[in-house]
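Below: the structure, in structure tokens.
The values are calculated or read from the model by the stated rules, or taken from the named source; none is laboratory data. The model shown is predicted, which means the values in this text are computed figures rather than measured ones. Cβ coordinates were reconstructed from backbone atoms using ideal geometry, including for glycine residues, and neighbour counts include every protein chain displayed.
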Amino acid sequence: MSIISRKELKREFQQHHLISSLSSMRLGFLVTLILFSFFMIFNRIFFPEAPEGQFYNRLWIMVPMLILCIGISYLRPLHKNLNSIYFILNTLLSFGIFIIGYQSDFLEKGYEFFYAWVMLVIIGLFSFFRVRFFDLVVLGLIQVLSYASATLINGTFSTNKFIFFNNLFFVLSIYSIGFLMAYAIRNLSWKNFLHQRALSNNYKKLLKEIEQKNHVEKELKQSEIQYHNTLNSIPDWIYVVDKDLRIVLINSALESEHQRQGYPADTLGKKLTRVYPYMPQSTLDEIRHVFNTGETVVGEQKFFLRDKSIFGETHKVPIFKEDEVVQVMTILRDRSKAKEVEELKLRNAEQKEVMLREIHHRVKNNLAIVISLLNLQLRRNNDPELTRIIQDIEMRIRSMALIHEHLYRSENLDRIPLDKYLQALIQIIITAYHGNAINLTTSLDSIDVTIETALPLGLIVNELLTNSYKYAFPGNLTGKINIELKKTETGMISLMIRDNGVGLPDDFSIHSEKSLGIFIVNLLVEQLDANISVTNHEGACFLIEFRNNIIKDNSIN
């Protein structure tokens, strides 16, 4: 215990020692006052002429002293300064001892009662007053010194030293007895105080613990009620089992289903396999897995009830206590209607896919019929210019028909593998110009695009590649054509068609409307929201950069 705290403890003990003794002090003062007053009145009535009675009258100083001590003990505002007040009163009483002794003659009748009265005052000081022990010792010494000083001055010492020392011996003996008695009482009170204080602290702690326990129990009870109410408000079927697979809780929805299906009403405490004898072993294994690992298990299960079958989604959730799985909650949600809707959507999607494939197939066939009609017209035509125009139209139609053929044969109807589509288109164009001595190379990255992107790109490749075959190598010149398709670092897609032929005319412009093919290319580039750049150096080079619509759609979703 620190010095400061010990001082505070001593101060607390002194206040407790004084205040707790007020009732006994008050009783002692009152009894002393009654006995002293009765003794004085008795002698005044029955022995009025006794010479000792004149001496007794001097001792009435005790009466106001006792009355003051009793009165002060009832005044609560003075209790804080009670130690100082009693110290002052006893100091005044010591002064009274000196005055009475100074004015008395040891040869006077009744003088022998003076030192007896002083002894009673000293023993009363140590018996009744519970002021600080140091103050008791000091007050007792002051009273002894007051008595000794008075007997020195009034001539007792000079006249009869035997009487002086004899009386002083008795006074000191009483002081010593009172000192030892007060010391013993104080030590006993100190031990009782520490014991009571410890008991009080323990009692307060116990009350606080009880209050906290009651509060926790109340909150726990409210939490359990809220927990049960929450589970009962959920329409899903819920049951909770312990490690022995005994049911400890079911919610209202499952209880109602039990009643409807004819299951036992009292299921709490019963084994899960007894309540549900046809429960599959896989469900029990999943519950044990949750107990062992603490992991939530999500699954699907089909239930066959008395009047219907249910497709359910199950969640097996661990319930922890002190980092240990003590219970497992199983939540069964009826997803039969949702499953029916999903299956219906799947059937509708399959039907739509079949229809879309059929549509693409028919479009491809219709375009093939158009191409056949153009070929018939081409056979009956002798005009070279009209023949060229019909061939250009036929190639454009073939590029569009090729799109629908890929979609018809593709697993995904919403996207086209651009590299495969362009490779097939290039092969058709090469076949159309198989007489040319031109070496065509391709470098095509695997990229999927939508039909909205693939169709204009096919038309652009058709126009630019056929132009290279027609105009880049006049007079059966040999040369090279290179086609590249790749993804750029910026996320764009670049398509480059380059040849090493004679190059473009000096007055060539991508925005010119003189050439129908270049005009179509320009329109298609704008449709793609793409950028096109033309280089006329050692041949013609067309570079087209555009964004992939599939990436845009995915980022939006």
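Some points to look at:
- Condition check for LEU194: out of contact with any Leu (no Cβ under 8 Å at 6 or more places or on another chain), over 22 Å from ILE97 (Cβ atoms), at pLDDT below 85 and in a helix (DSSP H, G or I): yes
- Any hit, the stretch 525-542, residues being closer than 16 Å to ASP419 by Cα and hydrophobic (A, V, I, L, M, F, W, C): no
- Restricting the stretch 140-165 to residues that are of a type in the set (A, V, I, L, M, F, W, C) and within 15 Å of GLU112 (Cα to Cα), the residue that is surrounded by the fewest Cβ atoms within 10 Å (Cβ to Cβ): PHE162
- All told, GLY96 falls short of being modelled with pLDDT under 75, touching a helix residue (DSSP H, G or I) at 6+ places or on another chain (Cβ under 7 Å) and either outside any loop (DSSP other than H, G, I, E, B) or not hydrophobic (A, V, I, L, M, F, W, C) (or both).
- Subset of the stretch 419-465 that is without any contact (Cβ under 8 Å) to a residue 40 or more places away in the chain and of a type in the set (S, T, N, Q) - its residue that is surrounded by the fewest Cβ atoms within 10 Å (Cβ to Cβ): THR431
- Identity of the residue in the stretch 235-267, exposed (fewer than 12 other Cβ atoms within 10 Å of the Cβ) and within 23 Å of VAL326 (Cβ to Cβ), that ends up nearest to the chain's Cα centre (by Cα): ASP244
- Unique residue being in contact (Cβ under 8 Å) with a residue 12 or more places away in the chain and surrounded by 17 or more Cβ atoms within 10 Å (Cβ to Cβ) when the list is SER37, SER104: SER104
- Restricting the stretch 232-278 to residues that are of a type in the set (Asp, Glu) and not in a loop (DSSP other than H, G, I, E, B), the residue that is farthest from PHE291 (Cα to Cα) is GLU257.
- Looking only at residues in the stretch 166-224 that are within 30 Å of GLU112 (Cα to Cα) and not hydrophobic (A, V, I, L, M, F, W, C), the one that is nearest to the chain's Cα centre (by Cα) is TYR183.
- Hits in the stretch 313-324 (condition: over 19 Å from LEU220 (Cα atoms) and in contact (Cβ under 8 Å) with a residue 24 or more places away in the chain): THR314, LYS316, VAL317, PRO318
A quick yes/no check of all residues on (1) surrounded by fewer than 13 Cβ atoms within 10 Å (Cβ to Cβ); (2) among the polar types (S, T, N, Q); (3) touching a Ser or Thr at 6+ places or on another chain (Cβ under 7 Å):
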position: GLY491; (1), (2), (3): yes, no, no
position: ASP506; (1), (2), (3): yes, no, no
position: SER509; (1), (2), (3): no, yes, no
position: GLY517; (1), (2), (3): no, no, no
position: ILE520; (1), (2), (3): no, no, no
position: ALA530; (1), (2), (3): no, no, no
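- Within the stretch 421-453, the only residue that satisfies the criterion of being farther than 19 Å from LEU464 by Cβ, modelled with pLDDT of 80 or more and in a helix (DSSP H, G or I) is GLU452.
- The stretch 277-292, subset of a type outside the set (A, V, I, L, M, F, W, C) and surrounded by 16 or more Cβ atoms within 10 Å (Cβ to Cβ), residue farthest from ASP323 (Cα to Cα): THR283
- Just one of the listed residues (ARG26, ARG44, ARG58, ARG130) is in the same structural domain as ALA184 (by TED's automatic domain parsing) and within 60 Å of the chain's Cα centre (by Cα), and it is ARG130.
- Taking each residue of the stretch 491-511 that is free of Cβ contacts under 8 Å to residues at least 24 places away in the same chain and looking for partners that are surrounded by fewer than 19 Cβ atoms within 10 Å (Cβ to Cβ) and among the aromatic types (Phe, Trp, Tyr) with beta-carbon atoms closer than 9 Å, six or more apart or interchain, yields HIS511/PHE519.
Residues checked against (1) hydroxyl-bearing (Ser, Thr, Tyr); (2) without any contact (Cβ under 8 Å) to a residue 24 or more places away in the chain; (3) part of a loop (DSSP other than H, G, I, E, B); (4) over 30 Å from LYS10 (Cα atoms):
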| site | (1), (2), (3), (4) |
| --- | --- |
| SER84 | yes, yes, no, no |
| LEU92 | no, no, no, no |
| PHE114 | no, no, no, yes |
| VAL121 | no, no, no, no |
| GLY124 | no, no, no, no |
| VAL137 | no, no, no, no |
| GLN143 | no, no, no, no |
| ALA148 | no, yes, no, yes |
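- Scanning the stretch 134-162 for residues that are among the aliphatic types (A, V, I, L, M) and closer than 20 Å to PHE87 by Cβ gives LEU136, VAL137, VAL138, LEU139, LEU141, ILE142, VAL144, LEU145.
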